[in-house]
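Before any comments, here is the structure.
Please treat every number below as a calculation from the coordinates, not as lab data. Computed from a prediction, not measured in an experiment: that's the story for all the values here.
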């Protein structure tokens, strides 16, 4: 799980913060995905792999924002009205396809996750966040393909896992994360939590 920060460290209004809203994974599923990526990375493919601790289910990418408090209030209100739910993680694939992928992903099966993302998007629209033009397809990003170099050798390993079942995770809360882009990859820091059926978790 990415490192957490107390609420007192939430950036003050006016400080641009690149962030997103997401659901965390359970340790068992995260471990399985980490081992899968470790196996794939043995092939010399030109892929930037996602560290296991950074794998998450993105509900809404917010971009750079200057005031997080209205977003926290809106997300908390949405989550308060929703009961905790489970989501299944199974299968792998690529966007736009496995023939020439740009993104490698693990699939997420959950109508509740789709509904939660839709509710959050509607709640944030009055705050100036335009709805995503693309249909929300819940997934977990495992790697970003930078070029086709080495893909021919990696592709059979990926296709072998197309129907693999990784397990089920419990969604008890949505989290806001700050994303700091660094040369060796993104670093995510939790800013606050919105509990399902409850109040802000700090």
**Request:** First check a/c for region 69-109, with a ≥ b ≥ c the square roots of the eigenvalues of its C-alpha gyration tensor; if it is under 1.5, answer rounded, and if not, answer prolate when a/b is larger than b/c or oblate otherwise.
**Result:** oblate
**Prompt:** Extension gain residue 127-residue 28, at 0.36 nm per residue separation less the Cα-Cα distance, in nm?
**Reply:** 32.0 nm
**Prompt:** By how many degrees, 0 to 90 and rounded to 10, does the Cα axis of helix 111-124 deviate from the longest principal axis of the chain?
**Reply:** 50 degrees
**Asked** So what does log10 I(q)/I(0) come out to for region 82-130 at q = 0.14, 0.29 Å⁻¹, using the Debye formula with one equal point on every Cα and no solvent?
**Response** -0.54, -0.95
**Prompt:** Who wins for biggest fluctuation among 66, 168, 58 in a Gaussian network model of the chain, springs between alpha carbons below 10 Å?
**Reply:** 66
**Complete:** Taking Cα atoms only, helix 151-160 is inclined relative to the longest principal axis of the chain by an angle, in degrees rounded to 10, of 70 degrees
**Request:** Please give the direction-averaged projected area of the C-alpha convex hull for the chain, in square nanometres with one decimal.
**Result:** 11.0 nm²
**Prompt:** Could you give the angle, 0 to 90 degrees to the nearest 10, between helix 27-40's Cα long axis and the longest principal axis of the Cα atoms of the chain?
**Reply:** 40 degrees
**Fill in**
What helix-only [θ] at 222 nm does the chain give? Using -39500 (n - 2.57) per DSSP H run of at least 4, over all residues, to the nearest 500, the answer is -8000 deg cm²/dmol
**Mean-position separation - Cα centroids, region 98-171 and region 40-78, in angstrom** = 11 Å
